[in-house]
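In what follows, a single structure is set out as structure tokens and then discussed.
The values are calculated or read from the model by the stated rules, or taken from the named source; none is laboratory data. It should be emphasised that the depicted structure is a prediction, and the values quoted were computed from it without experimental measurement. Cβ placement follows ideal geometry from the backbone for every residue including glycine, while neighbour counts extend to all protein chains displayed. Heads up: the accessible areas ignore ligands, DNA and RNA and are worked out on the full protein's heavy atoms, side chains in. Shrake-Rupley method; radii C 1.70, N 1.55, O 1.52, S 1.80 Å.
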Amino acid sequence: MPADLTGTYLTLDDGRPAVRFTRTYEHPVARVWQFVTDADELAHWFPARAEIDLRAGGEIKFSGDPHMEDSTGRVIAVDPPRHLSFEWGGDELRFDLEALDDSSTRFTLTNVLSEENAAARNGAGWEVCLAALDAHARGEDFGGPHAGAEAPWKGFYDGYVAAGVPSGAAVPGLD
């Protein structure tokens, strides 16, 4: 059975390739902001531990991803509680939050890609990570973004490839 894909592959106005995901969470924007910026909250869903110096130009320390070396990134822009963007592994991640009312928030993640052929790989990875965030937002324990061999990454990847999303980038931990 094919995976339900929630990401969109697009080309930004400046010509850079990206994958974008949108969710609605039944939490106020301040709570969703914590999901995006607090290291202990990020640990429930983000692929690496991320300790963020939450200011433009601030350093982010990434660690603990079983498929990647520890690294650092830089905060590009921050506008609490609406926007955070930062560099990670050559890509740019953008988190945009919009309060829909007092108790619900639209969450948008845009992964601006350094290489177009990473779209299917990253899209599949974000599907798994965002499933963990979805569960965490509901108060459930998904087991984190790296939920072991049972994580459905491959099904999502195959789905993105079948949909014509650019692919072929090396997959950390598999290639």
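Odds and ends about this structure:
- Which numbered condition Glu41 fails, given (1) open to solvent by 60 Å² or more (accessible area, probe 1.4 Å); (2) touching a helix residue (DSSP H, G or I) at 6+ places or on another chain (Cβ under 8 Å): (1)
- Matching residues, the stretch 1-40, being in a strand (DSSP E or B) and of a type in the set (A, V, I, L, M): Leu10, Ala18, Val19
Conditions tested, residue by residue: (1) over 15 Å from the mean Cα position of the chain (by Cα); (2) not small (Gly, Ala, Ser).
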position	(1), (2)
Tyr9	no, yes
Asp13	yes, yes
Ala18	no, no
Thr22	no, yes
Glu26	yes, yes
Val29	yes, yes
Phe35	no, yes
Ala50	no, no
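- The stretch 3-36: number of residues that are in contact with a Pro (Cβ under 8 Å, 6 or more places away or on another chain) and not small (Gly, Ala, Ser): 7
- Members of the stretch 83-92 that are surrounded by 15 or more Cβ atoms within 10 Å (Cβ to Cβ) and closer than 19 Å to Ser167 by Cα: Gly89, Asp91, Glu92
- So Pro66, is it in contact with a Gly (Cβ under 8 Å, 6 or more places away or on another chain), within 18 Å of Phe156 (Cα to Cα) and touching a residue at least 40 places away in the same chain (Cβ under 8 Å): no
- Residue in the stretch 145-166 that is modelled with pLDDT of 90 or more, under 12 Å from the mean Cα position of the chain (by Cα) and under 18 Å from Asp65 (Cα atoms) present: no
- Only one of Ser63, Ser71 that is within 19 Å of Ala118 (Cβ to Cβ) and not β-branched (Val, Ile, Thr): Ser71
- Scanning the stretch 44-82 for residues that are open to solvent by 50 Å² or more (accessible area, probe 1.4 Å) and either part of a loop (DSSP other than H, G, I, E, B) or modelled with pLDDT under 95 (or both) yields a count of 14.
- Residue selected from the stretch 100-132 under the condition open to solvent by 60 Å² or more (accessible area, probe 1.4 Å) and part of a strand (DSSP E or B), by the criterion farthest from Phe46 (Cα to Cα): Asp101
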